[in-house]
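Comments concern the structure below.
The values are calculated or read from the model by the stated rules, or taken from the named source; none is laboratory data. Since this is a predicted model, take the numbers as computed values, not measurements. We place every Cβ from the backbone using ideal geometry, glycine too, and count neighbours over all the protein chains shown.
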Amino acid sequence: MKNILTILLILSLNLFAAEKKNNTDEIDHLSLAALLLKDGHIDRANDELSQVNLEDKKLDFIRFYTLKGLVLTKLGSYEEANKAFKQSVNAGQTDKSIYLYIAQNSFKLEKYEDTLDAIKNAGNLIEDKPSIYGLKAECNWKLHRTNEALKILKESIAKFPQEYDFYKQRFNYLVTLKLYQSALSDANIYLLHANPNEKTTLAFIATLRKSGEIDKAIALAENANLQFPDSAQVTVMLAHLYLDKEMIQAAADLFDQASIEDFKYTQEAAEMMRRAKEFITALYKNSQMLDTKEKLKQRIAIYLEYEAYERVVVSQKAIYRTGLIEDESIRYALAFSYYKVGDFAASEKELNKLTQSDLFQKATEIRKNMQKCINNYWECDL
């Protein structure tokens, strides 16, 4: 596709030099525009083209409209660019690569039939261009010609066996069609041969997860965890997949691993260990947290899960000092812990400050139980 621009630039250099030699007072705006385009000065190139005299009978309209199309493409004016390219063809442009520019611009305009027409007009020029085959497949897919899109990709894989992006493209189609086993097969081939980065690998896994195919997503994620052993993101993705299957212990172990790979997952690791009832490990992970307030809040949750009510009570000063007491769920936790250790007066003091309706109802139950304990120890339920 660089053929047109290369030819134009060579011509421009020669013509621009000749023009300077013959008439230093007259500027060849067309040749100057080509040079500016080559150097990346797109706006200036466009300005030069606007100064070209279209009434000049000697003007090379093929060059002019081709350059105009290239400049407008660079500026993102795809509709106008294609008009210019077609004017170039009408003026006698014979270089077929111009149709590839038209095809790409049409695709960006979501004109998929026009894209396919332009590709067809490019003729044999596409034979060594895998990306154009992928573009053909995508256009047919967008036009809901599912079988044709899959057929093109199948033929493309046979024609370009080393172009693994075709497997990636077909994977997305197969997932949409809910052909998950075939999709997983394509994913494995792509991930094995294409040397994808971590981000691409995670995208494959996330696509399967979103489709609800958790087991197949886990299969990919397990391989990815081996391929990227130091990636906390891959480890966390695998952990979430196990959480989707309610495999708490497996998820907790993976979050523990992720927290070693990346410290920012320490809080999540502690929380997962709490849910897995690995309280000692949960407290150890919690001790590594730097945010004092969040650290204490999580520790209180671990103590409650562990039924270590004495430890909650001992934390009373820290709860007040950090301002956590303003969180009514924490105040209720403290009141409940006082109740469980038998300090009813301290419990009542905290219960009296609750205002949330749901917690207020729970406070009523605690008061009933405390009254039972006061009236008859044998009915006390601590």
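The residue list Ala252, Ala270, Ala282 contains one member that is surrounded by 19 or more Cβ atoms within 10 Å (Cβ to Cβ), farther than 23 Å from Ser337 by Cα and not assigned by TED's automatic domain parsing to the domain that holds Ala333, which is Ala252.
For residues that are out of contact with any Leu (no Cβ under 7 Å at 6 or more places or on another chain) and part of a helix (DSSP H, G or I), tally how many sit in region 229-287.
In the first step, residues of region 229-287 are kept if they are out of contact with any Leu (no Cβ under 7 Å at 6 or more places or on another chain); the result is 229-232, 236, 240-241, 243-250, 252-253, 255-287.
Now restrict to residues that are part of a helix (DSSP H, G or I): 232, 236, 240-241, 243-244, 248-250, 252-253, 255-261, 263-275, 279-287.
Of the residues in region 229-287, 40 are out of contact with any Leu (no Cβ under 7 Å at 6 or more places or on another chain) and part of a helix (DSSP H, G or I).
For Asn147, state whether it is within 25 Å of the chain's Cα centre (by Cα), part of a helix (DSSP H, G or I) and without any contact (Cβ under 8 Å) to a residue 40 or more places away in the chain. Give the derivation first.
Values: within 25 Å of the chain's Cα centre (by Cα): no; part of a helix (DSSP H, G or I): yes; without any contact (Cβ under 8 Å) to a residue 40 or more places away in the chain: yes.
Answer is no for this residue.
For a quick check of your reading of the model, give me the residue pairs whose first member lies in region 311-336 and is without any contact (Cβ under 8 Å) to a residue 40 or more places away in the chain, whose second is among the polar types (S, T, N, Q) and outside any loop (DSSP other than H, G, I, E, B), with beta-carbon atoms closer than 7 Å and at least 6 apart or on different chains. Pairs that qualify, where the first residue is without any contact (Cβ under 8 Å) to a residue 40 or more places away in the chain and the partner is among the polar types (S, T, N, Q) and outside any loop (DSSP other than H, G, I, E, B), are Val312/Ser337; Val313/Ser337; Thr322/Thr292; Leu334/Gln316; Ala335/Ser347.
For region 183-199, filtered to residues that are modelled with pLDDT of 90 or more and outside any helix (DSSP H, G or I), the residue that is surrounded by the most Cβ atoms within 10 Å (Cβ to Cβ) is Pro196.
Please count how many residues of region 154-168 are surrounded by 13 or more Cβ atoms within 10 Å (Cβ to Cβ) and either of a type outside the set (A, V, I, L, M, F, W, C) or in contact with a strand residue (DSSP E or B) (Cβ under 7 Å, 6 or more places away or on another chain) (or both). Spell out how you get there, then give the answer.
Here is the first cut: in region 154-168, the ones surrounded by 13 or more Cβ atoms within 10 Å (Cβ to Cβ) are 154-157, 159-160, 163-168.
Filter once more, keeping what is either of a type outside the set (A, V, I, L, M, F, W, C) or in contact with a strand residue (DSSP E or B) (Cβ under 7 Å, 6 or more places away or on another chain) (or both): 154-156, 159, 163-165, 167-168.
Matching residues across region 154-168 total 9.
Within region 88-106, being of a type outside the set (Ser, Thr, Tyr) and under 40 Å from the mean Cα position of the chain (by Cα) holds for Asp95, Lys96, Ile98, Leu100, Ile102, Ala103, Gln104, Asn105.
For region 85-99, the criterion of being surrounded by fewer than 23 Cβ atoms within 10 Å (Cβ to Cβ), among the hydroxyl-bearing types (Ser, Thr, Tyr) and touching a residue at least 60 places away in the same chain (Cβ under 8 Å) is met by at least one residue. The single residue among Glu348, Glu305, Glu379, Glu310 that is surrounded by 13 or more Cβ atoms within 10 Å (Cβ to Cβ) and over 40 Å from the mean Cα position of the chain (by Cα) turns out to be Glu348.
Report whether or not Lys368 is among the basic types (Lys, Arg) and surrounded by 12 or more Cβ atoms within 10 Å (Cβ to Cβ).
Numbers: among the basic types (Lys, Arg): yes; surrounded by 12 or more Cβ atoms within 10 Å (Cβ to Cβ): no.
Against the criterion (among the basic types (Lys, Arg) and surrounded by 12 or more Cβ atoms within 10 Å (Cβ to Cβ)), Lys368 does not qualify.
Within region 138-155, if we keep just the residues that are out of contact with any Lys or Arg (no Cβ under 8 Å at 6 or more places or on another chain) and of a type in the set (A, V, I, L, M, F, W, C), the residue that is nearest to Gln104 (Cα to Cα) turns out to be Cys139. If the condition is being not hydrophobic (A, V, I, L, M, F, W, C) and not in a helix (DSSP H, G or I), then region 322-378 contributes Thr322, Gly323, Asp327, Gly342, Asp343, Asn352, Lys353, Thr355, Gln356, Asn376.
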